[in-house]
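A short reminder: the numbers here are calculations on the coordinates, not readings from a lab. Computed from a predicted model, the values in this text were never measured in an experiment. Counting neighbours? That spans all protein chains shown, and the Cβs are built from the backbone with ideal geometry, glycine included.
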Amino acid sequence: MKLIKVTKKGSLHFNMNDGRLGISYETGYIRVSVKGIRNRLYQINSVKRIVSTEYRDFYHYERILIPSQADRLNALLEFESKNCK
């Protein structure tokens with residue numbers, strides 16, 4: 001994984017081993033491009049299920065944000081070791 005760009009807002013763009021683009025945002029999100037298509041990104045943040053307090057049958061999902069830059073980089077490195085061969 002090689003750092004290729006730092007934006008004005010503090011996002012870090014990485015070129016991953018298989019040619020994908022990995023981005024770590026200051027907001028806590030991590031995105032990775034689809035193999036072969038660098039302008040289509042998907043989030044790799046985990047999700048949690050939020051159940052309504054009024055009705056147990058209603059729920060929605062939220063992304064778990066990673067506030068620490070070091071933790072986001074570790075998550076990107078872990079993703080790369082598992083998926084970018």
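Here are a few things to note about the model shown:
- Each other residue within a Cβ distance under 10 Å of Tyr61 adds +1 if Lys or Arg and -1 if Asp or Glu, for a net charge of +2.
- Chymotrypsin sites (Phe, Trp or Tyr not before Pro) within the chain: DSSP coil, no more than 12 neighbouring Cβ in 10 Å: Tyr55, Phe58
- Local net charge near Val32, Cβ-Cβ under 13 Å (Lys/Arg +1, Asp/Glu -1): +4
- When each of Lys48/Lys82; Lys8/Lys85; Lys2/Lys82 is checked by Cα-Cα distance, pairs over 27 Å: Lys8/Lys85
- Mean-position separation - Cα centroids, the stretch 1-27 and the stretch 34-82, in angstrom: 16
- Loop-resident GluC sites (Glu not before Pro) (DSSP state other than H, G, I, E or B) in the chain with no more than 15 further Cβ atoms inside 10 Å of their Cβ: Glu26, Glu54.
- The relative contact order of the chain, computed from alpha carbon pairs under 8 Å that lie at least 6 residues apart in sequence, is 23 percent.
- The string of couplings for the stretch 58-69 from the Karplus curve (6.51, -1.76, 1.60, θ = phi - 60°) is 9, 8, 8, 10, 10, 6, 8, 7, 10, x, 8, 4 Hz, one whole number per residue in order, with x for Gly and Pro.
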